[in-house]
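Structure, as structure tokens:
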Amino acid sequence: MVALCAMSAPGIAATPLSYLRSHGAHADPVKTLTWALLVLSIVVVLVITGLVVWGIARSTADQGDVISREGNGLRFVTAGLTLTVIALLGSVVWTMVVLARVGSPPAEPKLTLDINGRQWWWRVRYESDEPGRVFVTANELHIPVGEPVRIKLSSLDVIHSFWVPALAGKTDTVPGQVNTTWIEADAPGVYFGQCAEFCGAQHAHMGLRIVAEPRDKFEAWLREQIAPAAQPNDAVAAAGQETFARRCAACHAVRGTKAGGILGPDLSHLASRATLAAGTIPNTAGHLSAWIADPQHFKPGTRMPAVPLTGSELEQVRAYLATLN
Ligand code: CUA
């Protein structure tokens, strides 16, 4: 309990996967219920412990048993049963009410995301009735703040679980099936998600970043993401584009170029993302080079092979990827 009280101090803001704080219409009622059940459980434990200690003290003081068939000991049994039934029934009803509330969004979502779990990253497809607004990205997604967003979940390989604790509880991604959930962020900011179902060696490195921002900023981001990838602006990056097409394009796509692989993340706007390898390392020049040179070092078991590149080829590819903002 002391630990819990300490955790509920401001320090929790530094624990991005804490489910004890919520930021939206889906997570709020669940969080309130969680706290209520936690407090209720603690109260029950304290009351029962107190009564047991009191009973023991009384009987050792030779004042007679508290609960006995004689006298009025039975009233403790009646009172205990009544309180138990009230507490349990109350919890069940409250849980049902919360389940009904979070089952569907308060308003029809204007945005639908198709999220596909893969060992060990997230492919994210922005859906739209307008073909020009459909695009694919990976591991980092932006949403408009204060609006419900529908999430369609599927998996390419094994069962994963979509979990962004501040925004919504867990929903599994199951191969051959589409599960639907929704999220809504009531404040701008970055919300962290994590695969919550053990799915293999790199389960722990299957992170997700959700950036919630006002509508106009979100639309600006969307326009940049929809646009074809930037063309190289110098000789090194241009050589990198050639090398990338030869060595990396079997798995990765860069829209508007020859690279059209679908096995790995779409890299059309890689430089706009904050992290690499599904939240494993920051997206800096040094990390990007090191990741390409030896992915297994950072993520043992990752499906990304170490493609043998010379030192200059590696630098060209890195320079090229850095232009994809
Ligand atoms: Cu995917 Cu755990």
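For the reader, a short list of remarks on this structure follows.
- Computed packing ranks the peptides 21-28, 293-300 as 21-28, 293-300, most packed first, by mean other Cβ atoms within 10 Å.
- Mean-position separation - Cα centroids, region 273-325 and region 149-215, in angstrom: 24 Å
- Taking 7 Å steps out from each Cα toward its Cβ at LEU40 and ALA245 produces label points 6.4 nm apart.
- Computed from label points 7 Å out along Cα-Cβ, the spacing between PHE198 and VAL97 is 3.8 nm.
- Alpha-carbon Rg with Dmax, taken over region 111-222, Å: 13.3, 40
- One Cα centroid belongs to region 236-260, the other to region 125-142; the line between them spans 21 Å.
- When each full DSSP H helix of the chain is screened for a Cα extent of at least 30 Å along its own axis and an average Kyte-Doolittle hydropathy of at least 1.0, the helices passing are 27-60, 74-102.
- The chain, relative contact order in percent, only Cα pairs under 8 angstrom and at least six apart counted: 15 percent
- Translational diffusion coefficient (Stokes-Einstein; Kirkwood radius from C-alpha pairs) of region 235-322 at 37 °C, 0.692 mPa s, in µm²/s: 254 µm²/s
- Percent carbon-and-sulfur accessible area, the chain, ignoring ligands, DNA and RNA, probe 1.4 Å: 64 percent
- Largest first, the three principal axis extents of the alpha carbons in region 27-102 are 54, 19, 8 Å in whole numbers.
- Each Lys and Arg contributes +1 and each Asp and Glu -1, all at the Cβ; summed about the Cα centre of region 27-102, the dipole is approximately 220 debye.
- Virtual spin-label span in nm between ALA238 and HIS297, 7 Å along Cα→Cβ: 3.1 nm
- Its residue count N fixes a reference of 2.2 N^0.38 Å for region 75-121, and the Cα radius of gyration divided by that reference is 2.15.
- Long pairs among LYS110/LYS258; LYS217/LYS299; LYS31/LYS170, criterion Cα-Cα beyond 23 Å: LYS110/LYS258; LYS217/LYS299
- Residue-normalised accessible area of the chain, expressed per residue, 1.4 Å probe, Å²: 52 Å²
- From the largest down, the chain spans 96, 42, 38 angstrom on the principal axes of its Cα atoms.
- Computed accessible area, ARG125, all protein chains, 1.4 angstrom probe, square angstrom: 80 Å²
- Helix-only mean residue ellipticity at 222 nm for the chain, each DSSP H run of n ≥ 4 adding -39500 (n - 2.57), per residue, nearest 500: -12000 deg cm²/dmol
- In a simple Cβ point-charge model (Lys, Arg +1; Asp, Glu -1; nothing else charged), region 190-277 has a dipole of about 140 debye relative to its Cα centre.
The values are calculated or read from the model by the stated rules, or taken from the named source; none is laboratory data. Just so it is clear, the model here is predicted, and its values are computed rather than measured. All Cβ positions, glycine included, derive from the backbone under ideal geometry; neighbour counts span all protein chains shown. Heads up: the accessible areas ignore ligands, DNA and RNA and are worked out on the full protein's heavy atoms, side chains in. Shrake-Rupley method; radii C 1.70, N 1.55, O 1.52, S 1.80 Å.
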